[in-house]
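Following: one structure in structure tokens, then a few remarks.
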Amino acid sequence: MSDSKNGLLGLGSRGAAVLDVRTRLAALASDDLPELRGLLDAPVDDAVDKSPDVFDRALERAVRAFQQHKGLIVDGVVGVETFGAIDGARWSLGDRILVHTPGHLQRGEDVAALQERLNTLGFAAGRADGRFGPETERAVRSFQRAYGLPGDGSVGPETLRAFEDLRRSVSGGSATVLRERERVRRAGHNLSGRTVVLDPGHGGADSGAAANALVESDLVMDLARRIEGRLTAIGVSVVYTRTQHSSPTEEERAAIANAAGADLLLSLHCDSHDVADASGVATFFFGRDRRTSWSAIGEHLADLVLREIVARTGLANCRSHGRSWALLQQTTMPAVRIEAGYLSHPVDAERLADPAFRDTIAEAVLVSLQRLYLGDDDTATTGVLQLGDLRAYLAAHS
Ligand SMILES: [Zn+2]
């Protein structure tokens with residue numbers, strides 16, 4: 001597009017706003033995203049006008065790489081969401097004091113990092129969306145009170161120091177805590193009697209992504225079988241949207257799930273990207289407009305699945321995102337799509353090729369489903385640590 005009046009910048013756009021985007025991406029390149037440098041400097045054959053205020057193919061590739069890195073929709077176009085992410089990316093935790101300002105929310109990577117830390121420690125800061133809203137402030141206050149700091153809700157040097165102390169002290173015990181919790185959950189059989197739809201992506205003639213000797217449609221079917229085994233073992237009915245050889249449309253898959261009267265749907269995919277170092281796991285739920293078109297349970301489950309997988313596998317966290325894709329929109333039950341790793345990434349691919357690694361992902365998925373049915377009491381905990389452990393730790397060290 002060439003018109004920047006609609007607030008979108010894309011291939012062919014020109015003007016001061018394009019120069020601004022280029023300058024900001026170049027600054028990120030010299031800081032924490034060095035791979036952007038090569039993309040921005042790459043020679044392009046379409047650049048008749050080499051002026052830096054023209055949105056050329058090099059800039060488009062850099063924008064795509066940035067969007068991939070941030071878990072945004074990768075379309076190479078700079079709209080409100082992408083620009084907000086570019087603007088917020090320059091902040092890392094500790095660069096500025098963070099505080100909830102109603103009507104003018106602070107926004108940035110530092111806020112997302114803060115939310116991740118609070119969630120990991122068991123203080124529910126909500127989705128790590130990089131906006132310092134009231135939920136994040138409440139979580140900060142709870143953390144400060146638990147740690148014996150003045151609970152003013154703002155994040156300055158003292159609160160950051162508390163995070164650092166805590167991280168060094170408790171990280172060793174997390175695996176034990178995790179195993180304990182799993183035993184409890186397995187005994188609970190919270191899911192028993194429910195119906196879960198497993199939707200392995202692609203299938204038949206459509207094999208999806210393929211790289212590093214892996215084929216997406218086969219890999220996600222294998223993953224589905226591993227999840228199925230665990231679900232049926234605790235009394236859950238499993239319905240598949242496809243066989244090894246069929247490839248229904250997204251609409252047909254949604255119809256199968258609806259007809260089954262299922263409680264949940266999990267859509268399984270792996271990703272691939274021509275930016276070589278794209279890696280990690282992302283989850284998606286139905287969400288277009290928070291007031292009218294939003295699945296709160298889908299969001300919660302997407303968040304649980306993401307956090308469990310990241311905690312257990314160490315795959316890069318590409319966050320969870322609301323989307324209005326057909327399958328997510330047309331299903332009547334909470335639905336979550338998982339993009340588990342990049343087949344195009346050598347390390348992701350090597351790990352996904354290992355059956356034991358796929359078992360770990362299946363475990364993570366199962367625990368997140370069980371956690372979903374534990375209800376609101378569980379929203380303050382994660383797969384690695386729970387609030388009770390934090391309190392015990394604080395009591396022992398005060
Ligand atoms: Zn796919």
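Within the range 107-144, the residues that satisfy the criterion of being part of a helix (DSSP H, G or I), at pLDDT 85 or above and of a type in the set (Lys, Arg) are ARG138, ARG141. Going by the conditions given, is LEU178 part of a helix (DSSP H, G or I), modelled with pLDDT under 85 and open to solvent by less than 60 Å² (accessible area, probe 1.4 Å)? Yes, satisfied.
The set of residues in the range 326-369 that are within 16 Å of the ligand (Cβ to nearest atom) and of a type in the set (A, V, I, L, M) comprises ALA326, LEU327, LEU328, ALA335, VAL336, ILE338, ALA340, LEU343, ALA349, LEU352, ILE361. Quick check, is SER279 outside the structural domain of ASP75 (by TED's automatic domain parsing), touching a helix residue (DSSP H, G or I) at 6+ places or on another chain (Cβ under 7 Å), touching a residue at least 12 places away in the same chain (Cβ under 8 Å) and of a type in the set (Ser, Thr, Tyr)? Taking the combined requirement at face value, the residue satisfies it. Exactly one residue out of LYS50, LYS70 is over 13 Å from VAL21 (Cβ atoms) and either crowded, with 19+ Cβ neighbours inside 10 Å or at pLDDT 85 or above (or both): that is LYS70. So which residues in the range 250-271 are part of a loop (DSSP other than H, G, I, E, B) and in contact with a Lys or Arg (Cβ under 9 Å, 6 or more places away or on another chain)? Matches in the range 250-271: ALA262, ASP263. In the range 272-346, counting only strands (runs of 3 or more DSSP E) that sit wholly within it, the ones holding 1 or more residues that are open to solvent by 40 Å² or more (accessible area, probe 1.4 Å) and more than 21 Å from ASP75 (Cβ to Cβ) span 317-323.
Of all the numbered requirements in (1) open to solvent by 40 Å² or more (accessible area, probe 1.4 Å); (2) within 15 Å of the chain's Cα centre (by Cα); (3) aliphatic (A, V, I, L, M), ALA124 misses one, and that requirement is (2). Listed by position, the helices (runs of 4 or more DSSP H) enclosed by the range 30-95 that each have at least 2 residues that are among the acidic types (Asp, Glu) are 35-41, 80-88. Scanning the range 270-301 for residues that are within 17 Å of the chain's Cα centre (by Cα), within 16 Å of the ligand (Cβ to nearest atom) and not β-branched (Val, Ile, Thr) yields CYS270, ASP271, SER272, HIS273, ALA278, SER279, GLY280, ALA282, PHE284. Search the range 347-361 for residues being small (Gly, Ala, Ser) and assigned to a helix (DSSP H, G or I), and hand back the single one that is surrounded by the fewest Cβ atoms within 10 Å (Cβ to Cβ). If we take residues in the range 347-361 being small (Gly, Ala, Ser) and assigned to a helix (DSSP H, G or I), then ALA356 is surrounded by the fewest Cβ atoms within 10 Å (Cβ to Cβ). Note on the range 207-225: among residues that are in a helix (DSSP H, G or I) and open to solvent by 50 Å² or more (accessible area, probe 1.4 Å), the one that is nearest to the ligand (Cβ to nearest atom) is ASP218.
Here THR159 meets the list (1) at pLDDT 80 or above; (2) over 28 Å from ALA296 (Cα atoms); (3) surrounded by fewer than 20 Cβ atoms within 10 Å (Cβ to Cβ) almost entirely, failing just condition (3). If you filter the range 228-249 down to residues that are within 15 Å of the ligand (Cβ to nearest atom) and touching a strand residue (DSSP E or B) at 6+ places or on another chain (Cβ under 9 Å), you find that the one that is nearest to LEU191 (Cα to Cα) is THR241.
The values are calculated or read from the model by the stated rules, or taken from the named source; none is laboratory data. Note that the coordinates shown come from a computational prediction; the quantities given were computed from them, not determined experimentally. Cβ atoms come from the backbone with ideal geometry, glycine included; neighbour counts cover every protein chain shown. Accessible surface is based on the protein model in full, side chains and every heavy atom, while ligands, DNA and RNA are left aside. Shrake-Rupley method; radii C 1.70, N 1.55, O 1.52, S 1.80 Å.
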